[in-house]
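S.K.: Have a look at this one.
The values are calculated or read from the model by the stated rules, or taken from the named source; none is laboratory data. None of these values were measured; they are calculated from a predicted model. So basically every Cβ, Gly included, is an ideal-geometry build from the backbone, and we count neighbours across all protein chains shown. Just so you know, the surface numbers come from the protein's heavy atoms only, side chains and all, with ligands and any DNA or RNA stripped out. Shrake-Rupley method; radii C 1.70, N 1.55, O 1.52, S 1.80 Å.
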Amino acid sequence: MNQKEYRELYESKAFAETYLYEGNDLGARCKENSTVFKLWSPLAVCVQLNLYKDCESPAFLSVAMKKEEKGVWSHLEPKNCHGVFYDFSVTENNETRTTPDPYARSCGCNGTRSMAVDLDKTNPDGWELDQPPKASAEQVIYEIHVKDFSHDPASGVREDYRGRYKAFTLTGTTLNDQGEKPTCLDYLKQLGVTHVQLLPVYDFGSVDEAGGDDQFNWGYDPQNYNVPEGSYATDTTDGVTRIRELKELILTLHQNGIGVIMDVVYNHTYRRDYCFDLAVPNYYYRQFEDGRGTNGSACGNDMASDREMCANYIYDSLMYWAKEYHMDGFRFDLMGLLDTDLMNRIREGMDREFGKGTILLYGEPWTAGESPLRDGKHPSVKTNLDRLDEGIGVFCDTIRDAVKGHVFEETVPGFVNGGKGLDTQILKAARGFAPAETSFPVKSPNQLITYVSAHDNLTLWDKLMITMRPGKEFDRRWDDVVRANRMAAAICFTCQGRLFFQAGEEAARTKHGDENSYRSSVAVNRIDWNRVYEYEDLTAYYRGLIAFRKQMPGLCDKTKDAQKRILEEKNPVSGVVWFCVDNREHPEWDRLLVCCNSTDKPFSIDLPQNVWELLVDGENSGLWKDAKQVTASTVVERVSVSVFGRKRI
Ligand code: CA
């Protein structure tokens, strides 16, 4: 069959009727005295299961699998095969291909062979008591890469844990191990974030698991969707360690009140010549009508999430991570490549299983190229937000770019660093975008992730440096850049929507201008813990904002009615905006007035009648802890945000 014929077959009604398998028992399932292996391979004429004792030696058993209904092949091995390695030999078109299991739950080094695993044997102590953290009034998501977090020796993390899952399980680590300034987990707790979003922790292909610790990749190149990445484990060969250590990470974060969100990349895979295409040629990859592969991921191999079995795969995979690993949320890379039906189905399934809205779901509402879906399917891009469940969020690139300048135009500034004409955007962002705006039909702030920096593109510090101090002395401290950074943070933390920031944004993280560091050195990427403490004043400002935000019901509201809380919006002069927020549930301040002055001069504001107190200004985000009354006519300093609270009478 040629490519076009494959497409016609796979997308035909007859194919779905004959081969759509609804069971969720594909892969290897270990029981006390038996293990069942199942592979979906509808066009195969023969499938053989090969069992191995490790990743190198020849098979100790090869057995023909039994053909069942709906294109499923199965074999029951009469023992618990926990720790046994396996793969399949699939014969089709007079050709035999050996493939790892697309549904594998573990594997050996680099995923060359899958491993059967009895999941009960992978649980760390205390796992059965694990509970998700208590719901917080606001979600503040901190995006961190496993290796970045602790690779720096200054992190105080013991050497064998640095850059690994295990580093997240340590409490009491301090800067340079001097016993004073907290790092890693203790630092996160102090900062007040409610969730960490881990850059990919599923098994990816770009890092050699047998290679050295100085390799680096973000990991947006999935290989085994249902297996943790091995290079972050202390043992890469044994398929149990990677599972147990990732669970330990989650357990420890949960014990410390922090939820874990997994970055998932169901839009493309590392390569084509791996499990999916070897098991079922061309099925899992999207095609244009003429049979050519689409390229909306810019990686040349888009997953065909609009085909039934691929959609089922993605759904089952997410359920597996949520149930087995207790993940608290998922961030979808290039969510625009997945269709709205699938996303809504995932939302529904998660709500049914865990309670409405318990598992956070959000993603990038765009694609990186053309990738047409099957008839009747709609991509999960931001113009289709109205087709997505209200419980599915998207990254708001409008606020991101309005605050600091466009991400693809390095030298273009935003509101805080000298950009003009952005006043309306800043005001719109404050109320989580009006549904009337057709290009971004937001149902409620529940659908918005408000942010100014993420792993992609320049760090906030580098963007501010390039636009404000073009000498590129990224390591030098510039107070006006720190001031702009504080302002960017204060705008975000007073916008409606969920809050998100890149690890280190709160400490002037620099990658020295590297705007796409996905495979740059660890030195470029990792958190520089000494620098974190060089900028502890900035960190303190973030910490104050986080604590402030969590206490202000007017800002945390995620309902459809949240917009009605914005009572007044003013743009008195170019570069200055202010708005009032109905904060009526708060015992002390029933109204907030947020004034953002991006000009280079102080702005005099006449506060409306009543008694007002200053809660946050451009230097101090903790004034609310001991708020002082201000006069009716007051000043908001240049390049700063002030928040005033109206004293409840
Ligand atoms: Ca890997």
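S.K.: Once you've got the Cα coordinates, tell me which of Lys189/Lys404; Lys420/Lys601; Lys134/Lys564 are over 23 Å apart.
M.R.: Too far apart for the 23 Å limit: Lys189/Lys404; Lys134/Lys564.
S.K.: Where only protein heavy atoms count, and the probe is 1.4 Å, what is the accessible area per residue for the chain in Å²?
M.R.: Ligands and nucleic acids excluded, the figure is 37 Å² per residue.
S.K.: How would Lys70, Lys420, Lys560 rank on accessible area, largest to smallest, probe 1.4 Å?
M.R.: Largest accessible area first, the residues go Lys420, Lys560, Lys70.
S.K.: While we're looking at this one, here's another question. Can you compute the FRET efficiency between Glu353 and Thr91 using 1/(1 + (r/R0)^6), with r the Cβ-Cβ distance and R0 = 30 Å? Round to the nearest 0.05.
M.R.: Step by step, r from the Cβ atoms, then E = 0.20.
S.K.: Any chance you could list the semi-axes, whole Å, largest first, of the equivalent ellipsoid that the Cα gyration tensor gives for the range 260-418, using √(5λ)?
M.R.: They are 27, 22, 14 Å, listed from largest to smallest.
S.K.: Still on this structure, I have one more. Find how much the distance from Ser574 to Thr98 grows on full extension, using 0.36 nm per residue of separation minus their present alpha carbon separation; answer in nm with one decimal.
M.R.: Result for the pair: 164.8 nm of gain on full extension.
S.K.: Just to be sure I understand the model, the point goes 7 Å from the Cα along the line to the Cβ. What's the resulting Ala135 to Asn530 distance in nm?
M.R.: About 4.5 nm separates the two model spin labels.
S.K.: In percent, what relative contact order does the range 538-611 have, based on Cα pairs under 8 Å that are 6 or more apart in sequence?
M.R.: 22 percent
S.K.: A further question follows. If a paramagnetic tag sat 7 Å from the Cα of Asp160 along the Cα-Cβ line, which residues of the range 219-241 would have the backbone N under 20 Å from that point?
M.R.: What the label zone holds, given the 20 Å backbone N cut-off, is 230-241.
S.K.: If each of Glu32 and Asp475 carries a label point 7 Å out from its Cα toward its Cβ, how far apart are those two points in nm?
M.R.: Each label point lies 7 Å from its Cα, and together they span 6.3 nm.
S.K.: In nanometres, what is the gap between the two model label sites at Glu619 and Ala547, each 7 Å from Cα along Cα-to-Cβ?
M.R.: 1.9 nm
S.K.: How large, in percent, is the carbon and sulfur part of the accessible surface of the chain at a probe radius of 1.4 Å?
M.R.: The nonpolar share, carbon plus sulfur, comes to 47 percent.
S.K.: Choose one of Met468, Trp127, Ala233: the residue whose Cα lies farthest towards the positive end of the charge dipole of the chain (beta-carbon charges +1 Lys, Arg; -1 Asp, Glu; about the Cα centre).
M.R.: Projecting each Cα onto the dipole axis, the largest value belongs to Met468.
S.K.: While we're looking at this one, here's another question. Extension gain Lys377-Met1, at 0.36 nm per residue separation less the Cα-Cα distance, in nm?
M.R.: Result: 132.8 nm gained on full extension.
S.K.: Further, regarding this structure: Bin all alpha-carbon pair distances of the chain at 10 Å intervals from 0 and give each bin's fraction as a whole percent.
M.R.: The calculated distribution, bin by bin, is 3, 16, 25, 25, 17, 9, 4, 1, 0.
S.K.: Which far-off residues, 5 or more places away or on another chain, put their amide H under 5 Å from the one on Phe330, with H placed in the peptide plane?
M.R.: When sequence neighbours closer than 5 places are left aside, the close amide H contacts are Met262, Leu360, Leu361, Tyr362.
S.K.: Just to check I understand the Karplus step: with θ = phi - 60° and J = 6.51 cos²θ - 1.76 cosθ + 1.60, what whole-Hz values come out for the range 324-333, glycine and proline as x?
M.R.: Ordered by residue, 3J(HN,Hα) equals 6, 9, 6, 5, 9, x, 9, 10, 9, 5 Hz.
S.K.: Then there is this: Once Lys and Arg get +1 and Asp and Glu get -1 on their Cβ, which of Thr599, Val532, Thr91 lies farthest toward the positive end of the dipole of the chain?
M.R.: Result: Thr599.
S.K.: Ratio of the range 3-122's C-alpha Rg to 2.2 N^0.38 Å, to two decimals?
M.R.: With N residues counted in the range 3-122, Rg over 2.2 N^0.38 Å equals 1.10.
S.K.: So between Arg519 and Ala540, what do we pick up on full extension, going 0.36 nm a residue minus the alpha carbon distance?
M.R.: Working it through step by step, the gained length comes to 4.5 nm.
S.K.: Same structure again: Determine the calculated [θ] at 222 nm for the chain from helices alone, applying -39500 (n - 2.57) to every DSSP H run no shorter than 4 residues and normalising by the residue count; nearest 500 deg cm²/dmol.
M.R.: -6500 deg cm²/dmol
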